[in-house]
Amino acid sequence: IGIDLIQANVTYTADTFPPNVNITFPLNNTNTSVTNLAINFTVNDTNIQSCWWTNTSGRTNQTLANCGTNISGFTWIEGINNITVYANDTSNNVNTTTVKFTLDTIAPNVNITFPLNDSTTASTSVEINYTVNDSNNGVGLNTCWWTNSSGKFNETITCGNNISARTWYEGINNITVY
């Protein structure tokens, strides 16, 4: 008696690992004044399917044409930006990575309040009083410094601290606070 055997084979690959996603530029917690800063990233997975990104608000959700394409040509918001890059593979494993950077294109406001410009004094130890503020969405001040016309002094100071305990030259002194 002839027996007909029917045989079926199946081969499959189990993929339980998500893609490896890494933002290489900018570094996390970077400060920049470049409004269209490129976000460079890498994705590694044998079966990569798609990549996309979103910004701080989550309202911009952009699919990338190619997972090897960096994010460029986008103007970021003033202040803190959080950019998340997503990648998924053909087994629907998803992974993300996020970078935070601060865009600051607004210069702080510095105002010397004492002595008045072009004033004359009988003392060579006048305290220089000034105000400084940065109205950029609470980003804050990073560094302040001052210099005088002779170039003898060029010192970093804590922003908002007046310049004191200095003996100035006899004659004209030009003080600049940055």
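Tabulated values for the structure
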read-out	value
Hits in the stretch 47-86 (condition: open to solvent by 40 Å² or more (accessible area, probe 1.4 Å) and assigned to a strand (DSSP E or B))	I48, Q49, W52, N61, Q62, T63, I80, N82, Y86
Residues (in a loop (DSSP other than H, G, I, E, B) and open to solvent by 60 Å² or more (accessible area, probe 1.4 Å)) located in the stretch 20-34	L27, N28, N29, S33, V34
Among the residues listed as L103, L116, the single one being closer than 30 Å to N82 by Cα and either among the hydrophobic types (A, V, I, L, M, F, W, C) or open to solvent by 50 Å² or more (accessible area, probe 1.4 Å) (or both)	L103
Strands (runs of 3 or more DSSP E) contained in the stretch 98-176 and holding at least 2 residues touching a residue at least 60 places away in the same chain (Cβ under 8 Å)	109-114
Some residue of the stretch 132-146 being open to solvent by less than 80 Å² (accessible area, probe 1.4 Å) and closer than 23 Å to G171 by Cα	yes
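The values are calculated or read from the model by the stated rules, or taken from the named source; none is laboratory data. Remember, it's a predicted structure, so these values are computed and weren't measured experimentally. Neighbour counts run over all protein chains shown; Cβ positions are idealised from the backbone, glycine included. Heads up: the accessible areas ignore ligands, DNA and RNA and are worked out on the full protein's heavy atoms, side chains in. Shrake-Rupley method; radii C 1.70, N 1.55, O 1.52, S 1.80 Å.
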